[in-house]
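Okay, structure first, notes after.
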């Protein structure tokens, strides 16, 4: 799910000849994979000639993409300059927009977070949220002493579903008016940078794939349990979005209540049964104080409060069949559970217990290691992937085979 109007194509508007372009790809991919390296090391790792490496390094350094880091000692009396990718040459904004808070991070080309802030989401919604996003991004970039033109990309994670055709965000009831405006177009006009819109739970799945339990897994599911319910699916190593970008809208599963009851249509039958509002209502129904927050329910659980125990048990009993249904459909290696409610071990343990009772093949379930930062981490990963692709024409660095990144391995066979 994305919208972009990137005008850059590689390092040079006209595009270098194919051989030089492949050499540039090999060098930048090696730098991204290995970090700081010397020219001699680049020649060994890519299989390119020393003259080609010298030309490429000189070009990258002149254009500001490469910076000398220092010198390394070689044979007696000799030393080599060590180079690394100049992270500051490109900045991206990664955002996690929720109904109550807006988290904004500025990252560089290497994925380092160089500035970050978190503020309450503008309650008036719509264009006021767009104004808030622009203000926060511009403030962070200005604080770095950088010009707005150095901002090369914005990745915005939002609740709901983004429709590329209409460029509207729908099914995000916690942020009023967001579905009435063209969010990416407004942001692009104000910030002068391409904007990618992605569902926040999808980004959380990408974050877990990069830095969490999902690292190294080809098939896993991320479920967010909190104010609402959402799911991100990684299938065969790729994020699964579906025909309309709504893959993973688990809240609409006809589980946990009467699927024919129209009162559950807005949020979905399952979300209507297990979201934070449902847990609060359930607690009151079991004799607890009306309007008690979920956090307070978990606090009461620690004291052995009977209404709290019943509330958590019943919620887990409703979540387990949903996980069993998804597991039977997608056959994931693991379920990663996040969100303010999902990461609570007090809920995960009874979910595991009920899952054994309703599924002959209960899948492994683990709490998110990234917690509330999963979506932001996924937005950062998405941002650097797109920057590397648009600026250098390379994919995310892949593990090296026989010491060579994929592009370099191909070059060693075809060019040299």
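The values are calculated or read from the model by the stated rules, or taken from the named source; none is laboratory data. Everything quoted here is computed from the prediction, not taken from an experiment. Glycine also receives a Cβ, built like all others from the backbone with ideal geometry; neighbour counts cover every protein chain displayed.
Give segment 187-222 a look and list any residue that's surrounded by fewer than 19 Cβ atoms within 10 Å (Cβ to Cβ) and either closer than 21 Å to residue 128 by Cα or touching a residue at least 24 places away in the same chain (Cβ under 8 Å) (or both), or say none.
Our first condition is that a residue be surrounded by fewer than 19 Cβ atoms within 10 Å (Cβ to Cβ); within segment 187-222, this holds for 188-190, 192, 211, 215-219.
Selection gives 188, 189, 190, 192, 211, 217, 218, 219.
Taking only segment 109-163 into account, find how many residues are on the phi > 0 side of the Ramachandran plot and in contact with a strand residue (DSSP E or B) (Cβ under 9 Å, 6 or more places away or on another chain).
So the answer is 1.
Tell me which strands (runs of 3 or more DSSP E) are completely within segment 87-183 and hold 3 or more residues being touching a residue at least 60 places away in the same chain (Cβ under 8 Å) and not assigned by TED's automatic domain parsing to the domain that holds residue 227, or say none if there are none. Quick ask: steps written out before the conclusion?
Working: elements: 91-97, 101-108, 113-120, 151-158, 161-163, 168-170.
Once the strands (runs of 3 or more DSSP E) in segment 87-183 are filtered for at least 3 residues that are touching a residue at least 60 places away in the same chain (Cβ under 8 Å) and not assigned by TED's automatic domain parsing to the domain that holds residue 227, what remains is 91-97, 101-108, 151-158, 161-163.
In segment 246-286, what residues are surrounded by 21 or more Cβ atoms within 10 Å (Cβ to Cβ), in contact with a strand residue (DSSP E or B) (Cβ under 8 Å, 6 or more places away or on another chain) and touching a residue at least 60 places away in the same chain (Cβ under 8 Å)?
Of everything in segment 246-286, those that are surrounded by 21 or more Cβ atoms within 10 Å (Cβ to Cβ), in contact with a strand residue (DSSP E or B) (Cβ under 8 Å, 6 or more places away or on another chain) and touching a residue at least 60 places away in the same chain (Cβ under 8 Å) turn out to be 249, 250.
Output the residue which, of all residues in segment 32-57 that are at pLDDT below 85 and part of a helix (DSSP H, G or I), is farthest from residue 162 (Cα to Cα).
Ranking the candidates gives 34 first.
Select from segment 110-139 the residues that are within 20 Å of the chain's Cα centre (by Cα) and closer than 27 Å to residue 65 by Cβ and list them in ascending order.
110, 111, 112, 113, 114, 115, 116, 137
Tell me whether segment 220-236 contains one or more residues that are out of contact with any helix residue (DSSP H, G or I) (no Cβ under 7 Å at 6 or more places or on another chain) and under 18 Å from residue 374 (Cβ atoms).
Within segment 220-236, one or more residues are out of contact with any helix residue (DSSP H, G or I) (no Cβ under 7 Å at 6 or more places or on another chain) and under 18 Å from residue 374 (Cβ atoms).
Residues that are at pLDDT below 95 and either in the same structural domain as residue 163 (by TED's automatic domain parsing) or within 22 Å of the chain's Cα centre (by Cα) (or both): does segment 250-272 have at least one?
yes
Among the residues of segment 372-384, are any modelled with pLDDT of 85 or more, within 29 Å of residue 43 (Cβ to Cβ) and buried (at least 20 other Cβ atoms within 10 Å of the Cβ)?
For segment 372-384, residues modelled with pLDDT of 85 or more, within 29 Å of residue 43 (Cβ to Cβ) and buried (at least 20 other Cβ atoms within 10 Å of the Cβ): present.
Can you confirm whether residue 351 is crowded, with 22+ Cβ neighbours inside 10 Å, in contact with a helix residue (DSSP H, G or I) (Cβ under 8 Å, 6 or more places away or on another chain), within 30 Å of residue 293 (Cα to Cα) and at pLDDT 95 or above?
Yes: the conditions hold for residue 351.
When you scan segment 291-306, do you find a residue that is on the phi > 0 side of the Ramachandran plot and in contact with a helix residue (DSSP H, G or I) (Cβ under 7 Å, 6 or more places away or on another chain), even just one?
yes
Right, residue 76: surrounded by fewer than 19 Cβ atoms within 10 Å (Cβ to Cβ), closer than 21 Å to residue 206 by Cα and at pLDDT below 95 or not?
no
What number of residues within segment 154-185 are closer than 29 Å to residue 109 by Cβ and buried (at least 19 other Cβ atoms within 10 Å of the Cβ)?
Quick first cut of segment 154-185, residues closer than 29 Å to residue 109 by Cβ only: 154-159, 162, 164, 167, 169, 182-185.
Among the residues that remain, those that are also buried (at least 19 other Cβ atoms within 10 Å of the Cβ) are: 154-159, 162, 169, 183-184.
Final tally of qualifying residues: 10.
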